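Here the structure is laid out as structure tokens; the discussion comes afterwards.
The values are calculated or read from the model by the stated rules, or taken from the named source; none is laboratory data. As the structure is a computational prediction, the values presented were derived from the model and not from experiment. FYI the Cβ positions are ideal-geometry reconstructions off the backbone, even for glycines, and counts take in every protein chain you see. Side chains included, ligands, DNA and RNA excluded: accessible areas come from the protein's heavy atoms. Shrake-Rupley method; radii C 1.70, N 1.55, O 1.52, S 1.80 Å.
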Amino acid sequence: MSSLKYWVKTSPAPFAKMIRISWQPLKQLELPVIPVFSRSLYRLHKLLYVFFTSLFRRLYWTPLFKSQIVGGKGLYLYSGMPQLLGSLSVSVGSGCRWSGISTVSGRWNSPQTPTLIIGDNVDIGWQTSIAVGNQVILENNVRMAGRAFLAGYPGHPINPIERAQGLPDMESQIGKIHLKENVWLGTGVTILGNVTIGKNSIIGAGSIVTQDIPDNVIAAGVPAKVVRELTLQELISRPSLHTLADEEV
């Protein structure tokens with residue numbers, strides 16, 4: 001208990017009541033908004049934030065993280081450094097973007113080192129968790145929105161007695177996960193082991209994928225099922241945007 005609170009509680013009742021009444025407005029006291037000053041201060045705050053964030057990313061987070069992986073040319077980390085748990089082999093292609101608020105874990109009792117293979121130009125969103133049982137492959141241009149969960153192993157056995165004893169999961173419970181080129185996972189998608197998602201396919205937000213998804217489709221639901229095929233027009237790049245991208249480069 002702070003000395004002020006103790007003093008108020010032990011003071012005579014009328015005086016203590018007066019202090020409590022006076023203290024409430026003081027707790028809500030704040031500086032007024034002075035338009036020119038406040039806006040300038042906010043701009044300075046943003047400038048300093050961007051500067052120090054960029055500095056830490058370039059000189060601290062990225063070198064530390066790249067010391068634990070293979071490759072990673074042009075890797076852009078944001079919001080810190082992803083957490084790597086357990087024995088893992090991580091290979092990253094070029095030009096990838098990866099949220100630091102994410103976790104990759106390797107199955108600790110796997111007979112072989114769990115392997116995560118990431119291609120070029122891959123996006124891994126915030127709060128994503130990748131549990132590598134034996135192997136997880138993300139091919140070129142894969143996009144993973146926030147809170148994706150790739151569950152290559154469950155971490156617990158099916159048998160309740162073994163689970164209560166803290167025994168590990170069984171080999172039959174783990175499986176490879178393979179996202180082929182250009183796959184897009186919406187927010188909150190879960191993918192279980194032994195699942196391959198075909199080239200260009202899109203998985204709707206909140207879906208749970210329990211079986212293979214073919215190329216060039218949109219799938220959604222629990223469990224995820226094919227909603228429709230992507231049209232030829234949807235699969236062909238728009239010339240105007242392609243030209244604009246070339247001009248920007």
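Tabulated values for the structure
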{"quantity": "Spans of strands (runs of 3 or more DSSP E) in the stretch 1-100 with at least 1 residues at pLDDT 90 or above and of a type in the set (Val, Ile, Thr)", "calculated": "89-92"}
{"quantity": "Subset of the stretch 209-230 that is more than 19 Å from residue 148 (Cα to Cα) and in a loop (DSSP other than H, G, I, E, B) - its residue that is least open to solvent (accessible area, probe 1.4 Å)", "calculated": "230"}
{"quantity": "Per-region count, the stretch 151-173, residues open to solvent by less than 30 Å² (accessible area, probe 1.4 Å) and either of a type in the set (Phe, Trp, Tyr) or in contact with a Gly (Cβ under 9 Å, 6 or more places away or on another chain) (or both)", "calculated": "3"}
{"quantity": "Any hit, the stretch 94-101, residues being over 21 Å from residue 220 (Cα atoms), polar (S, T, N, Q) and under 14 Å from the mean Cα position of the chain (by Cα)", "calculated": "yes"}
{"quantity": "Condition check for residue 201: under 24 Å from residue 93 (Cα atoms) and surrounded by fewer than 17 Cβ atoms within 10 Å (Cβ to Cβ)", "calculated": "no"}
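Listed here are the residues, each with its yes/no results for (1) out of contact with any Ser or Thr (no Cβ under 9 Å at 6 or more places or on another chain); (2) of a type outside the set (D, E, K, R); (3) within 19 Å of residue 107 (Cα to Cα); (4) modelled with pLDDT under 95.
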{"site": "130", "(1), (2), (3), (4)": "no, yes, yes, no"}
{"site": "136", "(1), (2), (3), (4)": "no, yes, yes, no"}
{"site": "142", "(1), (2), (3), (4)": "yes, yes, no, no"}
{"site": "156", "(1), (2), (3), (4)": "yes, yes, yes, yes"}
{"site": "160", "(1), (2), (3), (4)": "yes, yes, no, yes"}
{"site": "166", "(1), (2), (3), (4)": "yes, yes, yes, yes"}
{"site": "189", "(1), (2), (3), (4)": "no, yes, no, no"}
{"site": "192", "(1), (2), (3), (4)": "no, yes, yes, no"}
{"site": "208", "(1), (2), (3), (4)": "no, yes, no, no"}
